[in-house]
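Worksheet for the structure shown next.
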Amino acid sequence: MTEHLWNSVDTYVTDGLVGHDEFLGGALERSAAAGLPAISVSPPQGKLLHLLARAMRARRILELGTLGGYSTIWLARALPRGGRVVTLELEEKHAHVARDNLRRAGLTRRVEIRLGSALDTLDALIAESVKPFDFVFIDADKPHIPDYYTRTLQLTHPGSLIIVDNVVRDGKLADASSDDPNVQGVRKLHAMLAHDPRVTATTIQTVGSKGYDGFMLALVR
Ligand code: SAH
Ligand code: DHB
Ligand code: MG
């Protein structure tokens, strides 16, 4: 009942307000057809990422976890002319689907997909001394989130916003006794940020078509 209600509201908001078009819808359809898991951000969540990136006038965006490029389309559409998304993906098959979806959406020139384990591709970005990113969306595997956060901080500047997906996990975030490595990953992230003077952060619980979960938002000081 409750989940049904969350879905109804997401559908209502998506149909009326969010501005879901054929490229976003098609990206989800082609991802499903290719057998990718249905774990993209929801349409209202994608729009939230888009609005936040626009509000802060992000020119350089880093994403960890491309999947079929659904969230990547939302983020790339927030860029001004000359802006860029770098998105990191482990699975060649996912990157292949994402490339197709981004091409259809006319975003190929704004997006660079880097294939490999995000620990390695982040280290490569650091070694290359790339220009810092204004906005980072961390949405790859959850046990490595603390490592991703540490590396991401080396790729940002004061004023950058770091958003981490899936940190509430049906409320398991508050379960200190959990032996789930995903939960341990998001709990360690919270413990790290609680004592990190370089950032100021909060976590917002969400419900909707993706169930009960939430985002962490961290602003680099
Ligand atoms: N951001 C996407 C969803 C990402 S799902 C969206 O909202 O549309 C998580 C993705 O992270 C999957 O495609 C998975 O293959 C990728 N992933 C898992 N482990 C990874 C790793 N170690 N390095 C890079 N990507 C990884
Ligand atoms: C999973 C990953 C995600 O990024 C998400 O938003 C939901 C689920 C998963 O790995 O199951
Ligand atoms: Mg996610």
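In summary, I126 fulfils each of the numbered conditions (1) more than 17 Å from S31 (Cα to Cα); (2) more than 16 Å from ligand 2 (Cβ to nearest atom); (3) open to solvent by 50 Å² or more (accessible area, probe 1.4 Å) with the single exception of condition (3).
Applying the condition of being in contact with a Lys or Arg (Cβ under 9 Å, 6 or more places away or on another chain) and of a type in the set (S, T, Y) to region 104-123 and asking which residue is most open to solvent (accessible area, probe 1.4 Å) yields T108. Could we say that P37 is within 13 Å of ligand 1 (Cβ to nearest atom) and in a loop (DSSP other than H, G, I, E, B) here? So P37 passes the test.
Of all residues in region 66-103, count the ones that are out of contact with any Phe, Trp or Tyr (no Cβ under 7 Å at 6 or more places or on another chain), of a type in the set (G, A, S) and buried (at least 24 other Cβ atoms within 10 Å of the Cβ). Break it down stepwise before answering.
Here is the first cut: in region 66-103, the ones out of contact with any Phe, Trp or Tyr (no Cβ under 7 Å at 6 or more places or on another chain) are 66-70, 72, 74, 76-103.
From the residues that got through so far, the ones that are of a type in the set (G, A, S) too are 68-69, 76, 78, 82-83, 95, 98.
Keeping just the survivors that are buried (at least 24 other Cβ atoms within 10 Å of the Cβ) gives 68-69, 76, 98.
Matching residues across region 66-103 total 4.
Here's the yes/no breakdown for (1) within 17 Å of the chain's Cα centre (by Cα); (2) open to solvent by less than 50 Å² (accessible area, probe 1.4 Å); (3) within 16 Å of ligand 2 (Cβ to nearest atom):
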position	(1), (2), (3)
A140	yes, yes, yes
R151	yes, no, no
T156	yes, yes, no
L161	yes, yes, no
D165	yes, yes, yes
S177	no, no, no
P181	no, no, yes
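Working only within region 12-34, note down all residues that are away from ligand 1 (no atom under 15 Å from the Cβ) and surrounded by 14 or more Cβ atoms within 10 Å (Cβ to Cβ). Reasoning before the result, please.
So in region 12-34, the residues away from ligand 1 (no atom under 15 Å from the Cβ) come out as 12-13, 15-17, 19, 21-22, 33.
Scanning region 12-34 gives a single hit, V13.
Is region 40-48 home to any residue that is open to solvent by 50 Å² or more (accessible area, probe 1.4 Å) and within 11 Å of ligand 2 (Cβ to nearest atom)? Scanning region 40-48 turns up no residue that is open to solvent by 50 Å² or more (accessible area, probe 1.4 Å) and within 11 Å of ligand 2 (Cβ to nearest atom).
The values are calculated or read from the model by the stated rules, or taken from the named source; none is laboratory data. Please read all numbers here as calculations on a predicted model, not as lab measurements. Cβ sites come from the backbone with ideal geometry, for glycine too, and all protein chains shown count toward neighbours. Remember, those area values only see protein heavy atoms, side chains included, never the ligands or the DNA or RNA. Shrake-Rupley method; radii C 1.70, N 1.55, O 1.52, S 1.80 Å.
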